[in-house]
């Protein structure tokens, strides 16, 4: 097999989705599978749907177009506030989008009218994360404007938590979001189909003992893909944390002094810093680096130590016996490392486990290796 590569166990992704869907369903909450960390990979998206996700969501229209090019017809929502320049593309590829700006909503409405369709709008409210969102006191007025605009339909409201400030939502914040949904319905009239409570960081609240109120959707990516709760990084009980494995090839082995004595012929080299190996006598150099992934987000193999990395090299310390040049080293990844690795053009994706129930055809572009191995 080629290196570097990411091995993806589709069965574990499907089972993670089934587990969380089974827990949230009795609480009245559906799961939308978020595919942005895997760049809209069709087979991974299908594993989420096979596990019971009611739809898909992504932040980038290029990822959505990749899913559509693979023949996927399930509902897809754009969860980043749309770019004004992409209004026509969004209406063509997404049934619904999350919005905060009336200028953008007007452009989506015009694009929908040209296409002869109606585009769904979910208004995002600012609930304390201080990223994207309409202030609560402005929501009713904007909702009324959307209601009166041909070409679009107000589908619901939603909020983000723990995206920018890293804080999990409180029960009072979730209660306030439910109250706001009721207030908007009182002013605008129609029932809101979607009250989206947030992302994977909301799971401790959603699975707690309190009522979930009007919240009927969560947008889950990290919890499904990696089986962890984002705020704490703890494994979610009963979930797989090893659905993704990054595999890199060894290109050099051996012992090197710490620090290695060098003569600085160029004053600019004075900034060069050799990292002490702290008693580890042997090193491996692997053909992967900062250009490929977030090195700080890799879990080192047992008895191995991260020494450092450059753009194209990863150096780890390991006890003897040394792996041979050409052998492979395997890493688990956190969310940031996964995101970067899936977007890296030189990393191949190999799918393991059960194939999706509806195979996705191969498409063109980055990281399009969909063959099962």
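From most to least packed by mean Cβ count within 10 Å, the peptides 237-245, 136-144 give 237-245, 136-144.
Computed packing ranks the peptides 93-101, 186-194, 152-160, 113-121 as 152-160, 93-101, 113-121, 186-194, most packed first, by mean other Cβ atoms within 10 Å. Its DSSP H runs of at least 4 residues, each contributing -39,500 (n - 2.57), put the calculated 222 nm mean residue ellipticity of the chain at -8000 deg cm²/dmol, to the nearest 500. Compared with the dominant Cα axis of the chain, that is its longest principal axis, helix 171-188 is turned about 40°. Ordering 123-129, 70-76, 197-203 by mean Cβ neighbour count within 10 Å, with the highest value first, yields 197-203, 123-129, 70-76. Largest GNM mean-square fluctuation among 80, 209, 66, using the chain with Cα springs under 10 Å: 209. Report, in degrees rounded to the nearest 10, the 0 to 90 angle that the Cα long axis of helix 102-115 makes with the longest principal axis of the chain. Tilt of helix 102-115: around 80 degrees. Could you tell me the ratio Rg/Rh of segment 18-100? Both radii from Cα atoms, Rh via Kirkwood. A ratio of 0.99.
Given the alternatives (i) 130; (ii) 168; (iii) 141, volume of the Cα convex hull per residue in Å³ as computed for this entry is given by (ii).
Between 36, 12, 256, the Gaussian network model of the chain with springs among Cα atoms under 10 angstrom shows the greatest mean-square fluctuation at 256.
Normalised Debye scattering of segment 1-141 at q = 0.11, 0.15, 0.16, 0.19 Å⁻¹ gives log10 I(q)/I(0) of -0.48, -0.84, -0.92, -1.15, counting only Cα atoms as equal scatterers and leaving out solvent. Rounded to the nearest 10 degrees, the angle from helix 10-24 to the longest Cα principal axis of the chain is 40 degrees.
Quick note: the coordinates plus some simple rules give every number you see, no bench work behind them. The structure displayed is predicted, hence computed values, not measured ones. Note: ideal-geometry Cβ built from the backbone for every residue, glycine included; neighbour counts use all protein chains shown.
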